[in-house]
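Comments concern the structure below.
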Amino acid sequence: MTDIQILVGSVYGGALMTARAIKQALDADGYSVSVLENPELGDITSDTAPLLVCTSTTGQGEVPGNLLPFYVALREQLPQQPGRPFGIIVLGDSSYGDTFCGAGELMEEALYETSAHKIGETLCIDALETMEPESEALPWVREWISTVLK
Ligand SMILES: Cc1cc2nc3c(=O)[nH]c(=O)nc-3n(C[C@H](O)[C@H](O)[C@H](O)COP(=O)(O)O)c2cc1C
């Protein structure tokens, strides 16, 4: 059984590497983690595992191309997921000003519309502050998963 599904959005690989580092760490802790690099709506509707979004932000506060079809399908079809836990890790760059970490907000809004239930605060990782997003993501995710699966 899958314990968490990670929905990845990444242009240059930073968010994907972060998701893989999370999987490696949590697998070592005994969890079963699936990393969805090109997620489709059916991946989440055929499962009930908590969802972790791990995406970067592109364009002007937009969702990366590999996650965009999922995002659009989610918005259009709104498959109801009442109470399903989710969390958001978003990579961005504060020099983009108003659109800083915008992809996380878009995914959050879409998941709220499915009645899913957000656990924890969004972790927003600023490329201006760190070159190693996984070093911020790992402590956050351990806290997050202990809340989600308790
Ligand atoms: C063309 C381009 C557009 C970007 N637009 C935004 C943006 O609107 N908001 C933001 O917070 N970061 C923006 N970023 C920064 C990226 O989200 C950030 O560098 C992130 O770490 C990249 O992760 P990735 O390697 O997974 O794609 C942009 C980066 C590029 C190259």
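The values are calculated or read from the model by the stated rules, or taken from the named source; none is laboratory data. This structure is a prediction, so every number in the text was calculated from the model and none was measured. As a convention, Cβ positions derive from the backbone with ideal geometry for all residues, glycine included, and neighbour counts pool all protein chains shown.
For the reader, a short list of remarks on this structure follows.
- Residue pairs meeting the criteria (Cβ under 6 Å; at least 6 apart or on separate chains; first among the hydroxyl-bearing types (Ser, Thr, Tyr), in the stretch 35-55; second modelled with pLDDT of 95 or more): Thr45/Pro79; Thr55/Gly9; Thr55/Ala15; Thr55/Leu67; Thr55/Val90; Thr55/Ala103
- Within the stretch 63-106, tally of residues that are among the acidic types (Asp, Glu) and crowded, with 17+ Cβ neighbours inside 10 Å: 1
- Enumeration of residues in the stretch 7-31 that are surrounded by 13 or more Cβ atoms within 10 Å (Cβ to Cβ) and small (Gly, Ala, Ser): Gly9, Ser10, Gly14, Ala15, Ala19, Ala21, Ala25
- Test: residue in the stretch 54-72 that is away from the ligand (no atom under 16 Å from the Cβ), in contact with a strand residue (DSSP E or B) (Cβ under 7 Å, 6 or more places away or on another chain) and not aromatic (Phe, Trp, Tyr): no
- Any hit, the stretch 84-102, residues being closer than 14 Å to Ile44 by Cβ, small (Gly, Ala, Ser) and over 12 Å from the mean Cα position of the chain (by Cα): no
- Pairs meeting the criteria (first residue in the stretch 94-110 and near the ligand (Cβ under 9 Å from one of its atoms), second residue assigned to a helix (DSSP H, G or I), beta carbons under 7 Å, at least 6 apart or on different chains) are Phe100/Ser94.
- Scanning the stretch 115-133 for residues that are away from the ligand (no atom under 11 Å from the Cβ) and crowded, with 20+ Cβ neighbours inside 10 Å gives Ala116, Leu123.
- So Arg75, is it of a type outside the set (Ser, Thr, Tyr) and touching a Ser or Thr at 6+ places or on another chain (Cβ under 8 Å): no
- Helices (runs of 4 or more DSSP H) wholly inside the stretch 1-99 containing at least 3 residues that are out of contact with any helix residue (DSSP H, G or I) (no Cβ under 8 Å at 6 or more places or on another chain), farther than 18 Å from Glu136 by Cα and not charged (D, E, K, R): 41-45, 68-77
- When the test is whether a residue is outside any loop (DSSP other than H, G, I, E, B), surrounded by 12 or more Cβ atoms within 10 Å (Cβ to Cβ), touching a residue at least 12 places away in the same chain (Cβ under 8 Å) and more than 11 Å from the ligand (Cβ to nearest atom), Leu138 passes it.
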